[in-house]
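Enquirer: Once you've had a glance at the structure underneath, I'll fire off some questions.
The values are calculated or read from the model by the stated rules, or taken from the named source; none is laboratory data. Bear in mind that the values here come from a model prediction, so they are computed numbers and not experimental data. A quick note on method: Cβ atoms are made from the backbone with ideal geometry, for glycine too, and the neighbour counts reach across all protein chains shown.
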Amino acid sequence: MDIYHRLSCEEREELSRGLAQGESLRKIAARLNRQTSTLARELNRNGGNQYRAIMAQRKAVSRERLRQRECKLSQNPLLWSFVVSKLRKKWSPVQISQTLKREYPDEKTMQISHETIYSYLYVLPRGTLKSELLSCLRQARKHRLKRSKADRFFAPKITEMISIEERPAEVADRCIPGHWEGDIILGKQRRSFLGTLVERTTRTVLLVPLPNKKAPTVRAAFEQEVLRLPKTFRLTLTYDQGTEMAQHKLFTKKTKVQVYFAHLSSPWERGTNENTNGLIRQFFPKNTDFNTIPRKHVKQVQKLLNERPRKVLNWKTPKEALTELLR
């Protein structure tokens, strides 16, 4: 047998043809001068009985590119030192990646994506360093959660979405109030729900009890809450691509609030909302059954959040910040 090297595109095609003709792995392996276990691992990585050579080759190329990017950290001590120092300060990989782009705009060797940082951390050998750095992440998981194929390839589409890329520049600088971010917190067994809306400038929070997460229900509940706000405080809403916002056009028609959609699997594009959801979890931990929480209690928590001083507001409360802007 030859010394091991990765399967070529031609070998993957031969494997696919052999499987389609009902040949055993042992027979295909002998023809390719490969170990049967090598082909078995290839199948396990790429769909088993649904093996397709072209898809397997694409995944292999993608893995190789990732390995090359990860080597960038291991072979660049200055870059690795920068990443580690910021992680220890509880910076997120996204914050690190964006800061590198700003501080080293013309040095590609000192730039790296947040995805590569995450990937590298999780492939570090077990030890004190790996444990320490993973504990610095906001979600200090021992293993990285896999993105589901549904998220990446079969994500449900919402018609006539307007991308976050078309959102007015004034939203990003937080100078003008009235720009909101929205989401839904899942309760026990993913069968109960709580809508969350947070205003980007004042951090004002609206908690919206929901009996379900169907689009008409969510649209009507969010609409009811938003219409209680002053008109000058109703400008835009940034949301993820969850189908509960499928009735966004009707929502905009009723409230005059334009909805913009973040990119798939990009929670940092709604960072204010993500951070606020973490604060809300102090009151409603995971596995809370929101169906058993009275609306009155939900609104009490909303009041507590809006009357709590925030460092980002120079220790004013969201309620105080909102009041000042409405004078």
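Enquirer: Exactly one condition in (1) more than 20 Å from the chain's Cα centre (by Cα); (2) at pLDDT below 80; (3) closer than 22 Å to TRP268 by Cβ is not met by GLN111; state its number.
Expert: If we test GLN111 against (1) more than 20 Å from the chain's Cα centre (by Cα); (2) at pLDDT below 80; (3) closer than 22 Å to TRP268 by Cβ, just (2) comes out false.
Enquirer: When you scan region 285-303, do you find a residue that is within 24 Å of the chain's Cα centre (by Cα) and buried (at least 16 other Cβ atoms within 10 Å of the Cβ), even just one?
Expert: yes
Enquirer: Within region 82-94, take every residue that is crowded, with 16+ Cβ neighbours inside 10 Å, in a helix (DSSP H, G or I) and of a type outside the set (Val, Ile, Thr) and give me the one that is modelled with the highest pLDDT.
Expert: PHE82
Enquirer: Would you mind listing the helices (runs of 4 or more DSSP H) fully within region 251-327 where at least 1 residues are more than 17 Å from THR196 (Cα to Cα) and touching a residue at least 12 places away in the same chain (Cβ under 8 Å)?
Expert: 318-326
Enquirer: Considering each residue of region 29-43, count those that are crowded, with 16+ Cβ neighbours inside 10 Å and β-branched (Val, Ile, Thr), and give that number.
Expert: Result for region 29-43: 1.
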